Protein chains: 2
Amino acid sequence: MFSGALQDLVEELASLPGVGPKGASRIAFHVLNAPAEEVDRLVGALSAVKEKVRLCERCFNVAEAERCAVCLDPRRDQTVICVVEEPKDVMAVERTREYHGLYHVLGGAISPIRGIGPDQLRIRELLGRLGAEPVAEVILATDPNIEGEATATYLARALRTLEVPVTRLASGLPVGGDLEYADEVTLSRALEGRRTL
Amino acid sequence: MFSGALQDLVEELASLPGVGPKGASRIAFHVLNAPAEEVDRLVGALSAVKEKVRLCERCFNVAEAERCAVCLDPRRDQTVICVVEEPKDVMAVERTREYHGLYHVLGGAISPIRGIGPDQLRIRELLGRLGAEPVAEVILATDPNIEGEATATYLARALRTLEVPVTRLASGLPVGGDLEYADEVTLSRALEGRRTL
């Protein structure tokens, strides 16, 4: 039999993505035994995200001001826009430390099953930016799955008239992977995209 | 590049047990997109656990008053004490709905490697209860591992002079398991503890 407060916490934690009932009770007991300052930091961080974080008015990445840290950084190349589905994809590209341009976050991908069409994505805003900003390349970095590919195909067509070069991230074998275990589609793409050495 | 608040939250979440960096960023984005009321409930539950939950003065189970819900329940059998390592073990036994006695939470198990001896556990408090309460049976429900077994053996000896019957949870094959995959120690215990049908 458990105290009400602990049971409430277990239930709240279990509703988070990727946290099951056992994980929730493990975290709840950790919280119970953790120093008060640690729990205060977690509570503060949760509240701060809801209070401070909003979307960048230009690229719709997460931001704590009108524009996000990428848009506010004058060292970023203002002539390249990398189009992604979600802010977490911005995080993934930033982790490579190889990209120095701007972003545009669509807010999802075209998915007829989920009832998401081009109008629900921030495509109009992207076209607006291409009209106003000195863009020399648009990199389509939507997910390499059915919805992401459909979105990239749609965007490539929509951007054709603007005469701005449009590229797509390469598909192929993951580095460190094993040819033997690659699925057929990935292996076909890797063959298709083979490069001269 | 991420906003400071979101990055702070990812780091706080990643320090929780069982939450890795990917899980932390998944939860952080869930929090970002979740309705404010849901996040308020989580924040409230975290704070409430730290404010309200303490240990029962009698059995050291988690409680929101001087005594825990089990000790406060007059329908519980006051003559049986089930000795466990941690409050989460109370939760596990309660889930069976088969036990109706009281508990005593030791606060761990004897572990020379981690420098935990009998003096660091609430064994003195258990002996005190056995002197003061009308106990007819002590069930040793410490974990079926080396530390738990050592603790049970120590307790069995320490309680010998008190002339109160001491029992230990049965070891054997887990229900729904597969004989073929049982480890040797478990299978030996299952043989040792075999019962006439």
- Quick one: if you take sqrt(5λ) for each eigenvalue of the C-alpha gyration tensor of the stretch A:74-168, what semi-axes come out, biggest first, whole angstrom? 21, 16, 11
- Indicate, rounded to the nearest 5 percent, the antiparallel portion of the DSSP beta bridges found entirely in the protein assembly as shown. 20 percent
- Query: Using a probe of 1.4 angstrom, how much of the accessible area of the stretch A:74-168 is carbon and sulfur, in percent?
  - Reply: 54 percent
- Antiparallel as a % of all DSSP beta bridges within chain B, to the nearest 5? 20 percent
- Message: Taking a cut-off of 14 Å, what percent of all Cα-Cα pairs in the stretch B:4-52 are separated by more than that?
- Response: 57 percent
- Note on the structure: Taking Cα atoms, the helix A:4-14 axis meets the longest principal axis of chain A at an angle in degrees (rounded to 10) of 20 degrees
- Item | Which listed pairs, of B:LYS52/B:LYS88; A:LYS50/A:LYS88; A:LYS22/B:LYS88; A:LYS22/A:LYS88; A:LYS52/B:LYS52; A:LYS50/B:LYS52, have C-alpha distances above 20 Å, in listed order | A:LYS22/A:LYS88; A:LYS52/B:LYS52; A:LYS50/B:LYS52
- In nm, to one decimal, how far is the A:ALA132 label point from the B:LEU169 one, both placed 7 Å along Cα→Cβ? 6.4 nm
- What nm value, rounded to one decimal, do you get for the distance between B:ASP183 and A:ASP77 when each label is placed 7 Å out toward the C-beta? 5.5 nm
- Query: With no solvent and one point per C-alpha, what does the Debye sum give as log10 I(q)/I(0) for chain B at q = 0.11 Å⁻¹?
  - Reply: -0.71
- Query: Say we join alpha carbon atoms closer than 10 Å with springs in a Gaussian network model of chain A; which of A:ARG124, A:ARG168, A:ARG97 then has the biggest fluctuation?
  - Reply: A:ARG97
- In nm, give the distance between the simple-model label positions of B:LYS22 and A:GLU57, each being 7 Å from the Cα along the Cα-to-Cβ direction. 3.7 nm
- Other-copy label distances relative to B:THR79, 7 angstrom Cα-Cβ extension, nm: 9.0
- Query: Between copies, how far does the label point of B:GLY193 sit from its twins, in nm, shortest first, when each point is 7 Å from Cα along Cα→Cβ?
  - Reply: 5.6
- Message: Please report the accessible area of A:THR167 (heavy atoms, 1.4 Å probe, ligands and nucleic acids excluded) in Å², nearest 10.
- Response: 50 Å²
- Task: Mind checking which chain A residue has its Cβ closest to the axis relating A to B, and how many whole Å off it is?
- Result: A:VAL43, 3
- Between 0 and 90°, nearest 10: helix B:146-159 axis offset from chain B longest Cα axis: 40 degrees
- With a 1.4 Å probe, how much accessible area is buried between chains A and B, both sides summed, in Å² to the nearest hundred? 4600 Å²
- Just A:ARG67, A:ARG160, A:ARG122 to compare: in a GNM of chain A, with alpha carbon springs under 10 Å, which one fluctuates most? A:ARG160
- Query: Once the convex hull of the C-alpha atoms of the protein assembly as shown is built, how many Å³ does it hold per residue, rounded to a whole number?
  - Reply: 235 Å³
- Between the stretch A:22-94 and the stretch B:128-197, what's the alpha-carbon centroid distance in Å? 49 Å
- Item | Residue with peak Gaussian network fluctuation, chain A [Cα springs, cutoff 10 Å], from A:LEU173, A:LEU126, A:LEU140 | A:LEU173
- Message: Please compute the average number of Cβ atoms from other chains found within 10 Å of each residue's Cβ in peptide A:5-15.
- Response: 6
- Message: Just to verify a number: FRET efficiency for A:ALA65 and B:ARG114, C-beta to C-beta distance, R0 = 41 Å, to 0.05?
- Response: 0.30
- Message: If you count only protein heavy atoms with a 1.4 Å probe, what accessible area per residue comes out for chain B, rounded to a whole Å²?
- Response: 58 Å²
- Query: Based on the Cβ-Cβ distance of B:ASP40 and A:ALA36, what FRET efficiency does E = 1/(1 + (r/R0)^6) give at R0 = 25 Å, to the nearest 0.05?
  - Reply: 0.80
- Protein-protein interface of the stretch A:39-57, residues with accessible area decrease of at least 40 Å², isolated chain reference, 1.4 Å probe: A:LEU42, A:VAL43, A:ALA45, A:LEU46, A:VAL49, A:LYS50
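The values are calculated or read from the model by the stated rules, or taken from the named source; none is laboratory data. If you're wondering where the values come from, they're calculated on a predicted model, not measured in any experiment. Glycine also receives a Cβ, built like all others from the backbone with ideal geometry; neighbour counts cover every protein chain displayed. Just the protein is used for accessible areas: all its heavy atoms, side chains included, with ligands, DNA and RNA removed. Shrake-Rupley method; radii C 1.70, N 1.55, O 1.52, S 1.80 Å.
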